[in-house]
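Visitor: Let me begin by handing over the structure; questions about it come next.
The values are calculated or read from the model by the stated rules, or taken from the named source; none is laboratory data. What you are looking at is a predicted structure, and each value in this text was computed from that prediction instead of being measured. Here Cβ is always computed from backbone atoms with ideal geometry, including for glycine, and neighbour counts include all displayed protein chains. Accessible surface areas use protein heavy atoms only, side chains included; no ligands, DNA or RNA. Shrake-Rupley method; radii C 1.70, N 1.55, O 1.52, S 1.80 Å.
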Amino acid sequence: MALLIAACAFMQLGGDIHRNLTLRVGEGDIGMPDARLMSDASTVLQTVTPGGAAERAGLRAGDHIRMLDPKDNLGPYRESEPVRLKVMTEGGGRDVTIMPKRFQLTDALKDATIRALFADVVKLITCLAAFVVILRSRNDLTLLWLGAALAASSIPHNGVFIWQDWQPAFTLIRVMSTLMIVGATSLFLVFAYRFRRDRGGRYRTTLRALVILCPIIAVGLNLPYVYTMCTGVMVFGFNEVITYFVAFTSITLSSLATLTVLVIGWREAPTGERGRYLLLATAIGLIMLSYMLNLLMNVLDIRRSLSQPLVWVHMILPLLGALLFVYAVLRHRVIDIGFAVNRALVYAGVSAIVLLAFGLSEWGLQKLLPAHLQDNLWVDATIALGIFFAFHHIQTFVEKGVENVFFRKWHDNEAALERFVTDSGFYDDGDALEKAAVAEFSRFSGGAAVRLYRREAGGYALAEGSGVAHIDSNLAALVRLRADLQPVTFDLAAGVGAALILPMLYRNEVSGFFLLELKPSGDLYRPDEVAVLSKAARKIGADLHALRIEDLEHEAHALRQALAGARAGAASA
C-alpha cells in the first residue's frame, strides 16, 4: 500500500510538473481568480480579470454566482469546453455561459508557475525519499509507515487532474488522493509511535489511545473538506473559510500529537538516541507546519504571490524538512538506507551523463554532418554503441565520485577495519591479535572503550581491555547473544555496561565476545557500523580459535616428544 501511494504521488507530480512547464496547454482561464465558495455552493466574485472570459460574458466584481455543475467550482477548465453558471439576483437571476480563454503569459501566470514548480520540486524530493525508505524497509512496518507518510505528504493538490479523462475512476482517485493529503499527518503520528516503541519506549496506555483516536478524529473533521474538494458542494452550512479552518484544526491536532510522542521518546531515550529524535521531530514538524500555514493562508484569504513573505515561508518550510530528513538519514542513519541512497545517487549521475552524451551527440550531428546523414540509422547506431562501451567506465567514475563526496569518511573507516581483518589471519600470537583487535575496534568507534571476553566455566573472563574481570553467562544480554548468535544492541547491552556486544563464534557456539561502550560523542552505533563490526568480530574469533588450536598442537607435539624421550630413557635404564 505504501508503494502504491508513492507511485500515485510520483505520477501526479509528473503530471503537475508537465502542466506547469507547458504553461497549462489545453487549459482555459475563466477570468475569476479570487472567487470564494459560500455555504450554498454559490460564489462571490471578488475580482474579475480585465479583458478575461468572465468580463466578456458580462460578469463584474461583486456578482453572486452559482455554477450549474458544482464541480466547476474546482477547475481546471478546458479551453474548448464552455462553463455554465447562473448570476443570482433578487429577481431570480440569469444564465451565463463562459468560454474559457487560453492562458496568457502574464506576470500573474509567471508568478503562479514559479510557485507551483518550486512546490513540485520539493514534493518530488520528498517522494523520492519515500521510495528509498519503502524499497529499503525489508517489510519493517515502522519504515513502511514512514514511507507512506512521506509519499502522502508529497501528493500535489492539482496533480489528480491527470486522471480527469479516465472518468470511471476519476472520482475515486480524487477522493483517495485528498484523503491521503489530509491524512499525512496521521501517518507521521503512527510512525512516531512505532519508532519510539521499536527503541524500547515504555508502554503507555494514553499514548496508544492517542494514536488510535487522533487519526479517527482528524479524518472525521476533514470529511467536509474532502467532500467539498471532490464535489464542489458545501456541507453542514459551511463556507470555504469554515471548511479550511476545520481542516487546519485537525492537522494541528495530529501535528501536536506526533510531536508529543517524539518528545516523550526523546525524554526516555539514552543520550546517544536523543539526537535522532530531535532531528525527526524537527523535520516532521517543518513539513506539518507548512501544511498548517497553507490552510491558514486560505482561512485568512491571503493572496498568493512571490511578493508575499508568508508564501516564501510556506514554500521553504517543506524544503527544509525534506533536506533535514535527508541529512538525518545520511549523517545520523536514523534508518539504514545508506546503500540505497548511494545507488540512487550513482544511477542518477550515470543517467544524467548518458542523457547529456546523447544530447551533445545530436547537437554535434546537426552542426557537423551533412543533412542527408543526420537521420542515418548507422550513424545513430554507432553513437549508441560507443556510449554502451563507455557505460562501465562512466559508472565507475560516478561511483568513485559519490563515495568521495558523500561517503568518504565512512568508506575510509570501513576500509581500514577490513584491512585489519584481512591481516588478522597472519598473526602468530593470540594475545597479540587480541590486543590489536581491541585497539582497532576502539579506533573504528572513535575512541570508545572496548573489552574482549573469552568463554570459561560459569561465564566469560576478561582477556583484553580494562573492566569487570568476570561476567556471569546467565545475564539477559549474554543469554540473548547465545540464543540469536547476533549482535546485542543498547536495549539489552546496557545491562552489562555496554552499547554493543559482538559475538565470536565457533560452530554456532559463542566462544567469546567484544563489548563496546558508547562512543565518546554519546552516539550509538549505526546499523551499517554494527554489520561491519559483527563481520569483523566473527572473522577475528575464527582466527583466535585457529591460533589456540595451533598452540594446543604445539603443546601436544612437545608432550609427545617429552614422552618419547622419557620412554627412551626408561628403556636404556
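Visitor: Please verify whether ALA536 is open to solvent by 20 Å² or more (accessible area, probe 1.4 Å), out of contact with any strand residue (DSSP E or B) (no Cβ under 6 Å at 6 or more places or on another chain), among the aliphatic types (A, V, I, L, M) and at negative phi, treating the condition exactly as stated.
Guide: Details: open to solvent by 20 Å² or more (accessible area, probe 1.4 Å): no; out of contact with any strand residue (DSSP E or B) (no Cβ under 6 Å at 6 or more places or on another chain): yes; among the aliphatic types (A, V, I, L, M): yes; at negative phi: yes.
Taking the combined requirement at face value, the residue does not satisfy it.
Visitor: Do we have any residue at all in segment 542-561 that's of a type in the set (A, V, I, L, M) and closer than 16 Å to VAL450 by Cβ? Give the derivation first.
Guide: Step one: of segment 542-561, the residues of a type in the set (A, V, I, L, M) are 542, 544, 546-547, 549, 552, 556, 558-559.
This time we only want the ones that are closer than 16 Å to VAL450 by Cβ, so: 544.
Within segment 542-561, one or more residues are of a type in the set (A, V, I, L, M) and closer than 16 Å to VAL450 by Cβ.
Visitor: Of all the residues that make up segment 521-533, how many are modelled with pLDDT under 85 and on the phi < 0 side of the Ramachandran plot?
Guide: At the first step, the residues of segment 521-533 found to be modelled with pLDDT under 85 are 521-528.
Filter once more, so that each one left must be on the phi < 0 side of the Ramachandran plot: 521, 523-528.
The total comes to 7.
Visitor: Within segment 484-499, which residues are at pLDDT 85 or above and either open to solvent by 60 Å² or more (accessible area, probe 1.4 Å) or charged (D, E, K, R) (or both)? Steps first, answer last, please.
Guide: Going residue by residue through segment 484-499, those that are at pLDDT 85 or above are 484-488, 498-499.
Scanning segment 484-499 gives ASP484, GLN486.
Visitor: Would you please list the contacts, defined by Cβ atoms under 6 Å and residues six or more apart or on different chains, that run from a residue in segment 516-540 that is free of Cβ contacts under 8 Å to residues at least 60 places away in the same chain to a residue that is open to solvent by 20 Å² or more (accessible area, probe 1.4 Å) and not in a helix (DSSP H, G or I)?
Guide: Going by the 6 Å Cβ cut-off, the qualifying pairs are VAL530/PRO487; SER534/PRO487; ARG538/LEU505.
Visitor: Taking VAL479, is it part of a helix (DSSP H, G or I) and touching an Asp or Glu at 6+ places or on another chain (Cβ under 6 Å)?
Guide: On the way: part of a helix (DSSP H, G or I): yes; touching an Asp or Glu at 6+ places or on another chain (Cβ under 6 Å): no.
Against the criterion (part of a helix (DSSP H, G or I) and touching an Asp or Glu at 6+ places or on another chain (Cβ under 6 Å)), VAL479 does not qualify.
Visitor: Specify which of the listed residues (LEU502, LEU515) is crowded, with 23+ Cβ neighbours inside 10 Å, touching a helix residue (DSSP H, G or I) at 6+ places or on another chain (Cβ under 6 Å) and not in a loop (DSSP other than H, G, I, E, B).
Guide: That would be LEU502, the only listed residue that is crowded, with 23+ Cβ neighbours inside 10 Å, touching a helix residue (DSSP H, G or I) at 6+ places or on another chain (Cβ under 6 Å) and not in a loop (DSSP other than H, G, I, E, B).
Visitor: Does any residue in segment 2-19 that is of a type in the set (Gly, Ala, Ser) come within less than 7 Å, Cβ to Cβ, of a residue that is modelled with pLDDT under 75 six or more places away or on a different chain, and which pairs are these?
Guide: Close Cβ pairs (under 7 Å, with a partner that is modelled with pLDDT under 75) amount to GLY15/GLY159; GLY15/ILE162.
Visitor: Considering only segment 527-568, state which residues are within 30 Å of PHE444 (Cα to Cα) and over 38 Å from the mean Cα position of the chain (by Cα).
Guide: Of the residues in segment 527-568, the ones within 30 Å of PHE444 (Cα to Cα) are 527-551.
Hits for segment 527-568 are ALA542, ASP543, LEU544, HIS545, ALA546, LEU547, ARG548, ILE549, GLU550, ASP551.
Visitor: Please give the helices (runs of 4 or more DSSP H) falling wholly within segment 354-473 in which 1 or more residues are of a type in the set (Phe, Trp, Tyr), at pLDDT below 90 and farther than 30 Å from SER521 by Cβ.
Guide: Once the helices (runs of 4 or more DSSP H) in segment 354-473 are filtered for at least 1 residues that are of a type in the set (Phe, Trp, Tyr), at pLDDT below 90 and farther than 30 Å from SER521 by Cβ, what remains is 377-406.
Visitor: Is it the case, given these coordinates, that GLU509 is out of contact with any Pro (no Cβ under 7 Å at 6 or more places or on another chain) and either more than 27 Å from ALA449 (Cβ to Cβ) or surrounded by 15 or more Cβ atoms within 10 Å (Cβ to Cβ) (or both)?
Guide: On the way: out of contact with any Pro (no Cβ under 7 Å at 6 or more places or on another chain): yes; either more than 27 Å from ALA449 (Cβ to Cβ) or surrounded by 15 or more Cβ atoms within 10 Å (Cβ to Cβ) (or both): no.
No; evaluated as a whole, the condition is false for this residue.
Visitor: With the requirement that a residue be open to solvent by 60 Å² or more (accessible area, probe 1.4 Å), of a type in the set (A, V, I, L, M) and at pLDDT below 80, what does segment 283-316 give you?
Guide: LEU296, LEU300
Visitor: Can you work out which of the residues in segment 115-147 that are more than 17 Å from MET11 (Cα to Cα) and of a type in the set (D, E, K, R) is most open to solvent (accessible area, probe 1.4 Å)?
Guide: Here the answer is ARG138.
Visitor: Under the condition of being in a helix (DSSP H, G or I) and among the polar types (S, T, N, Q), which residue from segment 283-322 is nearest to the chain's Cα centre (by Cα)? Let's see the steps before the verdict.
Guide: Going through segment 283-322, the residues in a helix (DSSP H, G or I) turn out to be 283-299, 309-322.
So of that shortlist, the ones also among the polar types (S, T, N, Q) come out as 290, 294, 298.
On the way: SER290: 17, ASN294: 22, ASN298: 28 Å.
Top of the filtered list is SER290.
Visitor: Right, next: Please work out if PRO76 is modelled with pLDDT under 70, open to solvent by 20 Å² or more (accessible area, probe 1.4 Å) and touching a helix residue (DSSP H, G or I) at 6+ places or on another chain (Cβ under 7 Å). Walk me through how you get there before you give the answer.
Guide: Details: modelled with pLDDT under 70: yes; open to solvent by 20 Å² or more (accessible area, probe 1.4 Å): yes; touching a helix residue (DSSP H, G or I) at 6+ places or on another chain (Cβ under 7 Å): yes.
Taking the combined requirement at face value, the residue satisfies it.
Visitor: Might you let me know whether segment 463-470 holds any residue that is β-branched (Val, Ile, Thr) and surrounded by fewer than 20 Cβ atoms within 10 Å (Cβ to Cβ)? Even if it seems obvious, please write down each step before you answer.
Guide: Initial filter on segment 463-470 (β-branched (Val, Ile, Thr)): 468.
Checking which are surrounded by fewer than 20 Cβ atoms within 10 Å (Cβ to Cβ) leaves us with 468.
Yes.
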